[in-house]
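Please read the structure below before turning to the comments.
Every number in this text was worked out from the coordinates using simple rules, so none of it is lab data. Bear in mind that the values here come from a model prediction, so they are computed numbers and not experimental data. Don't worry about glycine lacking a Cβ; one is built from the backbone with ideal geometry, like all the others, and counts go over all protein chains shown.
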Amino acid sequence: MPIRQLSQVEINRIAAGEVIERPASAVKELVENAIDAGASSIEIIAQNGGLSLLRVTDDGSGMDEADVSLCVDRHATSKLVSGDLHDIRTLGFRGEALPSLGAVGSLRIVTRPATSSRGHQISVERGSKMPLQPAASRPGTCVEVHDLFSATPARLKFMKSERAENAAITDVVKRLALAFPHIGFFLTVGERLSLALPRADARDENAVRQRLSRIMGSEFAGDAETVKLARDDISISGYAGRPTLNRPDTSLQYVFVNGRPVKDRLLLSAIRGAYQDLVPRGRHPLAVLFLHVPVEAVDVNAHPAKAEVRFRDASLVRSAVVSALMETLRRAGSVTASSPAKRRMGCNIERRFARLFKRVPLGRMVLLSSLRKTLQRMIGPGRSMMARIAWGPLARKCIKPTLSPRRRLASFSWTNMQLTRGSSTRN
């Protein structure tokens, strides 16, 4: 089979598969462009999970006639002024989002600079660039994407339900809204305004907590502890939830590096490491962390969707995150000065009950499951040892009547929170 040169349209469609994975990816790229343009208010509209229509409108700086014509060409960007990839101070820098959207759907851009009285619009239909036209517009930029992935029908087969795509879009907007509280975000999904976050003063602690409450929930915003740490060139701030407030997934763990929302495995593992002795296995705490490191010490060009970063000294960053969280939890009284073995006692309850369940008849699991939940609440990490011992007699009263006289399955030594499986006996 002979080798041939791919056309520009084919190249754009192949490259779009890396940048635009789903409608939420398109929203992320467009909103980041609006933030980089200095917008103070951003409105997002999504219909049919973002597949039939995506519209992002901002009041940023806008573009003049020359820029709007160039912005839909691949690798055309205003973000890399010096051309140094080690000095990236904006969210976007590759210049791939707009041409990728135009390659897999119908793209329309209407924009006007604040210093001009004339606006312009340009359209890209499945990779075909249309002539530039004058248009009436308010200052700022409006980007519309119709029939996303219509040029790549195979991608449509892998889209999830409308509800799942709407949830992904909402999560993207929430992450960016947490990173930039001084910008207003308004998200309309279908015909319903699902998210309205007015602009807040970033220096106002109450305003920031109000936005935190809208996104993370009032329970987290009311009980979250403030995180502050400065070590070497690393600065960490944010909020850490108490160990008693946890979830079965990491959907409410938000991490930002130099204002960029990321889902980095190193940072998520650092959060897990700080809480490992405080939450049961399979549960995850709530946290919002803002890391500020020198731009030359982090590589943001390590992932096609810019979802992950690479640090020059990853161990130092992880250590700083763990230390910041553990110090915050220690001040809040969630971590005691006891030994690590004693701090792990509450978490080991889950493992010990799991071993017991394998040996207990089915009819007794209901009582044991209820007792397990009660013990996790009443004898959780952070409780004093005296409180744990006080609950020992109650636990023995609950367990001993369930043991068969014909077979002793397990016995508990509650004073030291150790599970000792006894030998089975028969009459």
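Some observations on this one:
- D_trans [Stokes-Einstein, Kirkwood Rh over alpha-carbon pairs] for segment 205-335, 4 °C, 1.567 mPa s, µm² s⁻¹: 87
- For segment 284-328, the Kirkwood estimate of the hydrodynamic radius, built from every pair of different alpha carbons, is 12.0 Å.
- Entry note: segment 1-64 has Rg to Rh equal to 1.14, where both radii use alpha-carbon atoms and Rh is the Kirkwood radius.
- Among GLU296, GLU308, GLU29, the ranking by other beta carbons within 10 Å of each residue's beta carbon, starting with the fewest, stands as GLU296, GLU308, GLU29.
- Contour minus Cα-Cα distance for ARG163 and ASN301 (0.36 nm per residue): 46.6 nm
- Nearest-0.05 FRET efficiency for ILE3 and LEU156, computed from C-beta distance (R0 30 Å): 0.50
- Which listed pairs, of LYS174/LYS306; LYS28/LYS129; LYS129/LYS263, have C-alpha distances above 26 Å, in listed order: LYS129/LYS263
- FRET E, pair LEU193, ASP73, Förster distance 41 Å, beta-carbon r, rounded to 0.05: 0.70
- Prolate/oblate/rounded label for segment 8-197 (Cα gyration tensor, a/c 1.5): rounded
- Cβ-based exposure ranking for MET216, MET130, in which fewest neighbours within 10 Å come first: MET130, MET216
- Label-to-label distance, nm, for residues given as SER319 and SER213 (7 Å Cα→Cβ offset): 4.0
- Least to most buried among SER106, SER237 (fewest other Cβ within 10 Å first): SER237, SER106
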